[in-house]
Amino acid sequence: MAKWDYAPVPTDENSSRRGSGGNLRPPPDALEAAAAAAAVRGTRPQYRRRGDPDDEDDSDSMMTKRMPYCLGMLVLLAIIYVLSRTEAAAVQTAAQCPPPAVGPVAAPGGGGSLAFDIGAYRRDRLSKTPPHIIECAAAGEGGSQAACHLPQSKRFSALGQKGATLWMTGLSGSGKSTIATALEERLVLERGKHVYRLDGDNIRTGLNRDLDFTDDDRAESVRRVGEVACLFSDSGTITIVSLVSPFRGDRDEVRARHEQQGIPFYEVFMDVSLDVVRERDPKGLYKQVDAGKIKGFTGVDAPYEPPMDPEIRLPNSEMTVEQCVAALMRALEAGGVLEGTSGGDASGLPLPDGDEIVDLHVPSSLRAKRENEAATLPQVLLSDIDINWLQTVGEGWASPLKGFMREGALLQTLHFNSYLADPHNVTGNYAFNERATDFAHLPATRPPKRVSSSVPIVLPCTAYTKAMIEASGRRAIALVGKDGAALAILRDPEIYANRKEEIVARVFGVIDPGHPYIQHIHTGGNWLIGGEVELLDRIRYNDGLDQWRLTAREVRDEFARRGADVVYAFQTRNPTHAGHAYLMRTAGDKLRAEGYRKPVLWLSPLGGWTKSDDVPLDVRVRQHEAVLREGMLDPATTVMAIWPAPMIYAGPTEVQFHAKSRRSGGASYFVVGRDPAGMKGSALAQAAPDDDLYDPEHGRYVLAMSPGVNGMRMLDFSQVYYDKRTHTMTAPDPSRPDDFISISGSKMRKLAAQGARPCPIDQPIPSDLLAANCIPPGFMVQSGWDIVCDYYQHVDDKTWVPFSRNAAPAVPPIDSRTTHDGAFGTVDFKVYLRDASGKPISPWHDVSLIAPAVASAALGEDDLYNMVVEIPAGSTAKMEVQKGMGANPIMQDSSHGAPRYYTYGVPSFNYGLLPQTWEDPASVGGRGGDNDPLDVMELGEGPLPMGAIVPVKVLGSLELIDEGETDYKILALRASDPLAARLSTVADLERARPGTLARVRDWLLFYKTTDGKAPNAFAAEEAATPAQAAAVISDCHRRWQALVGGEARHDDEFCLGGAGAAAPAPHCTYPQ
């Protein structure tokens, strides 16, 4: 083929005209346009091939000369035909298409004029072209191509990033390309994102090669690049456009196209003055402008219209490139672009790991209905630690977890420190971890997202509870506290084996039988219950600290109210001193240096269970209040909110959960120091007895390297010291090491126990602080130090709140003929029985053993005994008659000054005593009785009020061996039970209510095991007959008679005799 003259097209987008200086020739598109225009007029353009003679006119030469004309006509006709097909009224042939609007333009080479205005032509065609050219039948008339493509949400979620366009606009030299290149490198090389950058270099050498720098061509350039950016971003690519794009209207049209396509569009304005870019002048263009070599240069002698309201404004003459990139990264993170999600919630903070803000509280409109349902469900007793975990899950701190882990989620947690999730239902596995674990049918497509999950959040239960759930036939259970109050409903329970050794080995990685949480795991039931939960109400502890307990959603809302653009969390399980405050303030300074305007500190004290020698929760919170009150931390930029999860002391494994959970509250940074979540090994630890179980440096290293932190970043710090010269806690200065002293936690505790006062500020700090009994000035705010001293000086003689512990706010059912003193759930709570006149009576001595006649033809007087109810069914408070107090009130048993509760399960029976009986330690069963009245277990339906005197029919008994003592359990049924008239034995009851005896036996054998004690035993496998049980009752009644008659030896503290007993011992005086 012949070689035609083609002039190169300059790629410098700032030159507003071509041909200045006469050294640039028209591009081929101009020649073709001229040819087409000439064809419309019926004239023939003149072209000359290099080297051809002027007079060559043979047919081959003529064909060669006319070839561009023919090709141009064919192309033009093809374009007209395609465009005409989109018109509402289609024309029959291309020849019938009316000619476009024309206007005079300069001909190539300056000779004559051509009547074809390409800009006008484009405008005309665009105005007549429908916004969507649909070739997809599924879209329908007036629809969108999106109907025939993979939905954006699924595409973005699957890719793990959202397509978006960052349109960088500004004067030449304003930093567009420099910042765009740095951002591209950060996104691709550090975050592994798919990114492409469009700029003058790669656009004008291809896509826009046919465009000049006229206003019309500039507009067309912006339009084309905008359309390409739309396509790239729709594919999930993060598209960075760096063009001067001087006209606001052109940019607004690009924005509108993105909005039509539902694609995020960020207009990024390089807000740099003309003086600054002239000084920079990286390409020397401004010097050429000043020399008159370039005319119509944007910002100088051609207009630039800055954005009125850009999404991002970068005054980069006042910022480093790194700060500019950080600002852009923050915007992308806030919009969910880097995760493929919808971005942050209304607070503007990042979404939790797993992209869901979880809140499992029942709506207030459904609360009464759910509470009524819970009353009909089998009950599962929660320990204090279980309630901490329930609160953690229900309030959204373990997102996206929505209940206690099913076996599949637990296995993933143990083996991968994470589990798979599909928060956007990309693969149809949205509720994958909420389905029953099925080892035989694995999903054909795995959920696409892996979320951090390093600690097991499980609900242990005993065989007793398992049997009760299975016997009920229900697909839901009520989760209850130790007071019997329902806290939540768990749906579709999945019960599976509690593989304790495997859990301990994989989570803790150490062998330490004395480790407190490892002990907790081993004393738990042998089964685990998984399932999703609904919280019936806020979990409150009524300990004076509930004001600091916020849900994950409420914490987010508080950060938003403070105007936070970033949140950094600092976890505490010790009082806050100046060293901690230094770390927190320094963390804030680091974030401000990165370009954040208002970092907010989240002071996050651990609220859940902690080991017994940790500082109690109330001491820590009150001390934190003092720190805020006295200004060591700025109250305006600090939010204190208790984090509800229990500590498990699993070192590097656990700290991953600590960080991930804070993201649920909106934090982007987690401050981590030495030995997070670690502790000293017990004396039983195999590798580290009485030493650190985990290397203090490992926690923050593992956290930084963890694949599951998913965007949560760390602010790590080394140890800080007290500067004797400045009286502050700070990082040490190597040039003056003698000025810095370390104040360890153990030294602080000793100083507090001694009640140390501040060292004189006008004297040198003593080298031996303990001997001087003073603390350096500024180490801790004074009111906070006073709180710490008060605790360490009164550890054992004051009542503290060790952690968020269920405070049993509700009083169980109590008989109306009784009175009670003190608060239920404390060792001071007492229930007194009273007679008809209101005088107190003893439930042991003043109530008759034999019940009065009952109006029933089927029951005789000799069949019935009186039972005094101590523990209503469903209640776990270990209540019992006090033998050493006047009137023998019913009180809660205690251990080390704390009330005792059953932890094995929710009792399905009413528990009490038979009055006027005594199991004599000297003679019963050859092993000695347990020195108490006979116990009776009433097996009817529903709870009986505490202190009630209830006639019961004896069905048999069990002889329990409890720690070497004989402890008979009389099995009975209340006389008012509908079955009482036709049941006579335990076997009869078992036929009527199958499984009752098995549950009772299981309870009696194992109820102490969850407290770390050995199982009990039975003297006989079978239950005794009613006659045998009656013989036991008769014998114990005779022994009681001997006891109160002074014929039997007994403990001196016993209060014997009834209300009319003469001259009782001083401690046995009856109340009024």
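The values are calculated or read from the model by the stated rules, or taken from the named source; none is laboratory data. What you are looking at is a predicted structure, and each value in this text was computed from that prediction instead of being measured. Every residue, glycine among them, receives a Cβ derived from its backbone with ideal geometry; neighbour counts consider all protein chains shown. Areas reflect the complete protein model, heavy atoms only, side chains present, ligands, DNA and RNA absent. Shrake-Rupley method; radii C 1.70, N 1.55, O 1.52, S 1.80 Å.
Simple rule: put +1 on each Lys or Arg Cβ and -1 on each Asp or Glu Cβ in region 366-535, find the dipole, and look at ALA368, ALA421, PRO400; the Cα lying farthest toward the positive end is ALA421. When the C-alpha to C-alpha distance is required to be over 29 Å, the pairs from LYS162/LYS598; LYS500/LYS1008; LYS482/LYS830; LYS500/LYS969; LYS839/LYS1013 that qualify are LYS500/LYS969; LYS839/LYS1013.
At the residue level, ILE469 shows approximately 10 square angstrom of accessible surface with a 1.4 angstrom probe and all protein chains present.
Taken about its Cα centre, region 309-392 carries a charge dipole of roughly 300 debye when the Cβ of each Lys and Arg holds +1 and the Cβ of each Asp and Glu holds -1. When only alpha carbons are used to place a centre, region 331-394 and region 470-526 end up 20 Å from one another. For region 429-541, dividing the convex hull volume of the Cα atoms by the residue count gives 165 Å³ per residue.
Reported value for region 150-335: 117 Å³ per residue, from the convex hull of its C-alpha atoms.
Under a Cβ-only charge scheme (Lys and Arg +1, Asp and Glu -1), can you give me the dipole magnitude of region 366-535 about the Cα centre, in debye to the nearest 20?
Using only the charged Cβ atoms, the result is roughly 300 debye.
Placing unit charges on each Cβ (+1 for Lys and Arg, -1 for Asp and Glu) gives region 673-763 a dipole about its Cα centre, and among PRO676, SER735, PRO758 the Cα reaching farthest toward its positive end belongs to PRO758.
Counting only the backbone N, which residues of region 476-493 are under 20 Å from the spot 7 Å out from the Cα of ALA368 toward its beta-carbon? Of the residues in region 476-493, 486-489 have backbone N under 20 Å from the label point off ALA368. Take each peptide in 529-539, 361-371, count the other Cβ atoms within 10 Å of every residue, and average; sorted highest first, the result is 529-539, 361-371. Test of understanding: express the Cα radius of gyration of region 367-512 as a ratio to 2.2 N^0.38 Å, with N the residue count. Dividing the Cα Rg of region 367-512 by 2.2 N^0.38 Å gives 1.10.
If you stretched the chain out fully between ARG562 and LEU189, how much longer would it get, using 0.36 nm times the residue separation minus the C-alpha to C-alpha distance? Intermediate values should be presented prior to the final figure.
Details: separation 373, 0.36 × 373 = 134.28 nm, distance 3.44 nm.
Going from the current span to full extension adds 130.8 nm.
Placing a pseudo-label 7 Å from each Cα along the Cα-to-Cβ vector at ASP438 and GLU1021 gives an inter-label distance of 4.1 nm. Measuring between their Cα centroids, region 995-1058 and region 619-655 lie 49 Å from each other.
Ordered by solvent-accessible area of protein heavy atoms (1.4 Å probe), largest first, the residues LEU703, LEU274 come out as LEU274, LEU703.
Just the Cα atoms of region 818-1045, one point each, no solvent: what log10 I(q)/I(0) does Debye give at q = 0.09, 0.16, 0.17 Å⁻¹? Ignoring solvent entirely, the Cα scatterers give -0.34, -1.20, -1.38.
For region 818-1045, the solvent-accessible area works out to 38 Å² per residue, with a probe of 1.4 Å and every protein chain left in place.
Modelled spin labels at ILE761 and HIS522, positioned 7 Å past Cα toward Cβ, are 5.3 nm from each other. Computing FRET efficiency as 1/(1 + (r/R0)^6) for ASP215 and GLN260, where r is the C-beta to C-beta distance and R0 is 35 Å, gives about 0.90.
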